[in-house]
Amino acid sequence: MASLKTQLIALIMLLRPPYWLMTGGLSVLTIIALQRGLPETDLLVLVVVSAICITSGGFAFNDYIDQESDAIVKKDRPIPSQRLAPWVALVASLILFAIGLIGSLAINVLCFGIALIDTLLLVAYSTYVKRYAGFLGSILMGILIGTSFVYGEAALSGIISLTSFSLSFMSMGNVGGNILRDVLSLEGDKKAGYNTLAAKRGPKFAIKMGAIFFLLNALGSPIPYLVDAVGYGYLIPIAIWNIILVVSGVTLLRNQDIEVLKKHERIVTRTMILIPLALIAGALT
């Protein structure tokens with residue numbers, strides 16, 4: 001049996017803290033951008049806690065469902081490495097989902113509705129969509145990232161509008177990244193039985209589709225400024241990211257070599273930090 005310290009480290013890995021910035025972090029930054037200032041502390045805490053609990057609950061549930069396939073392709077994950085018992089992941093997911101839903105209800109009914117839909121989608125993704133629906137899985141994960149922006153507006157004003165939907169369009173880059181990462185894990189996905197776009201239509205087709213989503217993200221990124229969701233400061237960091245997206249997208253449409261793919265997927269992923277920077281700059285101007 002693993003030591004308590006080892007189990008705690010494995011539990012942290014199970015919850016995927018780096019992804020909190022892409023959920024609770026984006027929701028808070030949406031509030032800051034729309035309000036042009038910091039939210040009240042109570043609202044800030046509820047938004048962050050509810051969002052990250054739903055996110056981590058989804059990851060824990062996914063690891064519980066994927067324990068057999070992870071034993072083939074991701075042996076270092078907490079469950080297949082035997083650092084964490086499967087029941088711990090399941091119980092953790094249920095507790096986190098419950099905390100997230102209760103926290104969202106404490107904000108308002110609309111936030112609860114969004115959190116409940118996200119929870120159901122995360123469960124559906126892990127139990128069915130990821131294994132059988134392939135391309136739909138990448139779209140679904142993009143939608144889930146996109147709801148972070150909508151959740152922020154719902155928490156701030158109790159409504160959702162074109163304002164937050166315009167920000168949600170930036171999740172297209174995440175969809176493209178998911179498709180490209182499926183190409184990189186193609187061999188393992190085939191062994192695990194995942195019907196990804198790359199497995200179904202071939203890696204070259206999948207790379208081109210990922211590139212198209214990069215270009216769609218760049219095309220839609222000025223909309224938040226045009227609908228006055230953010231100030232002009234948003235345009236500078238987002239323009240830099242757009243250049244990266246366009247260069248990577250065009251390059252991958254022309255060349256589907258795996259080494260080229262690795263390079264541009266890594267560049268786009270590492271520069272996604274420009275999204276929160278753009279939101280902060282937009283809030284300050």
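The values are calculated or read from the model by the stated rules, or taken from the named source; none is laboratory data. Being a predicted model, the structure only gives us computed values, none of them experimental. Note: ideal-geometry Cβ built from the backbone for every residue, glycine included; neighbour counts use all protein chains shown. Protein only, heavy atoms only, side chains kept; ligands, DNA and RNA dropped before computing areas. Shrake-Rupley method; radii C 1.70, N 1.55, O 1.52, S 1.80 Å.
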Please tell me if L26 is under 30 Å from I159 (Cα atoms), in contact with a Cys (Cβ under 9 Å, 6 or more places away or on another chain) and buried (at least 20 other Cβ atoms within 10 Å of the Cβ).
no
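Can you tell me which of I117, I143, I139 is within 18 Å of the chain's Cα centre (by Cα), open to solvent by 30 Å² or more (accessible area, probe 1.4 Å), touching a residue at least 24 places away in the same chain (Cβ under 8 Å) and farther than 24 Å from I275 by Cα? Write out each step before concluding.
Numbers: I143 fails: farther than 24 Å from I275 by Cα; I139 fails: farther than 24 Å from I275 by Cα.
Selected residue: I117, the only one of I117, I143, I139 that is within 18 Å of the chain's Cα centre (by Cα), open to solvent by 30 Å² or more (accessible area, probe 1.4 Å), touching a residue at least 24 places away in the same chain (Cβ under 8 Å) and farther than 24 Å from I275 by Cα.
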Among (1) open to solvent by 60 Å² or more (accessible area, probe 1.4 Å); (2) over 21 Å from the mean Cα position of the chain (by Cα), where does G231 come up short?
(1)
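Residues of the stretch 178-200 being within 18 Å of G249 (Cβ to Cβ), open to solvent by 20 Å² or more (accessible area, probe 1.4 Å) and free of Cβ contacts under 8 Å to residues at least 60 places away in the same chain, which ones? Explain how you work it out, then say what you get.
So the first thing to find is which residues in the stretch 178-200 are within 18 Å of G249 (Cβ to Cβ), and the list is 178-184, 197-198.
Narrowing further to those that are open to solvent by 20 Å² or more (accessible area, probe 1.4 Å): 178, 181-182, 184, 197.
The answer is N178, D182.
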What single numbered condition from (1) in contact (Cβ under 8 Å) with a residue 40 or more places away in the chain; (2) open to solvent by less than 10 Å² (accessible area, probe 1.4 Å) fails to hold for T163?
(2)
Within the bounds of the stretch 46-53, is there any residue that is open to solvent by less than 60 Å² (accessible area, probe 1.4 Å), more than 24 Å from G173 (Cβ to Cβ), within 16 Å of the chain's Cα centre (by Cα) and not aliphatic (A, V, I, L, M)?
yes
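Restricting the search to the stretch 247-263, which residues are over 21 Å from the mean Cα position of the chain (by Cα) and open to solvent by less than 60 Å² (accessible area, probe 1.4 Å)?
First pass over the stretch 247-263, keeping only residues over 21 Å from the mean Cα position of the chain (by Cα): 247, 250-260.
Across the stretch 247-263, the qualifying residues are V250, T251, L252, Q256, V260.
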If you check S3 against the conditions, is it more than 16 Å from the chain's Cα centre (by Cα), farther than 20 Å from N178 by Cα and modelled with pLDDT under 90?
yes
